[in-house]
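Following: one structure in structure tokens, then a few remarks.
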């Protein structure tokens, strides 16, 4: 709980999550693109890491989303549409 990632964590707080798109890297990870309301989000591309395989860390979903959804990347328009 002392990690920077936990700065905005509130135990017991309920947040509605609407996953609007899914990033799937076969055999590696699955991440859900979501835009929760009323929650402080530090990631440039809000998401939930749903699953990772051995050798992959949840934070790697940040890199995958950045590499595919940033401006000029293949899924940029789809990301904007999901938002």
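The values are calculated or read from the model by the stated rules, or taken from the named source; none is laboratory data. Not measured: the values here are computed from a predicted model. Every residue, glycine among them, receives a Cβ derived from its backbone with ideal geometry; neighbour counts consider all protein chains shown.
Residue by residue through segment 11-23, note down the ones that are over 17 Å from residue 57 (Cβ atoms) and at pLDDT 85 or above.
17, 18, 19, 20, 21, 22
Which residues, taken from segment 42-77, are over 11 Å from the mean Cα position of the chain (by Cα), surrounded by fewer than 14 Cβ atoms within 10 Å (Cβ to Cβ) and in a helix (DSSP H, G or I)?
67, 76, 77
Determine which member of the set 39, 22 is in a loop (DSSP other than H, G, I, E, B) and surrounded by 10 or more Cβ atoms within 10 Å (Cβ to Cβ).
Within the list 39, 22, the selection yields 39.
List, please: which pairs have Cβ atoms under 7 Å, are six or more places apart or on different chains, and start with a residue in segment 70-83 that is at negative phi and end with one that is part of a helix (DSSP H, G or I) and surrounded by 13 or more Cβ atoms within 10 Å (Cβ to Cβ)?
Correct list of pairs: 70/76; 74/68; 75/68; 75/69; 76/69; 79/69.
Output the residues belonging to segment 14-27 that are out of contact with any strand residue (DSSP E or B) (no Cβ under 7 Å at 6 or more places or on another chain) and either under 12 Å from residue 51 (Cβ atoms) or without any contact (Cβ under 8 Å) to a residue 24 or more places away in the chain (or both). If you could, list the steps in order and put the result at the bottom.
Going residue by residue through segment 14-27, those that are out of contact with any strand residue (DSSP E or B) (no Cβ under 7 Å at 6 or more places or on another chain) are 14-16, 25-27.
Once the filter is applied, which keeps residues that are out of contact with any strand residue (DSSP E or B) (no Cβ under 7 Å at 6 or more places or on another chain) and either under 12 Å from residue 51 (Cβ atoms) or without any contact (Cβ under 8 Å) to a residue 24 or more places away in the chain (or both), segment 14-27 yields 14, 16, 25, 26, 27.
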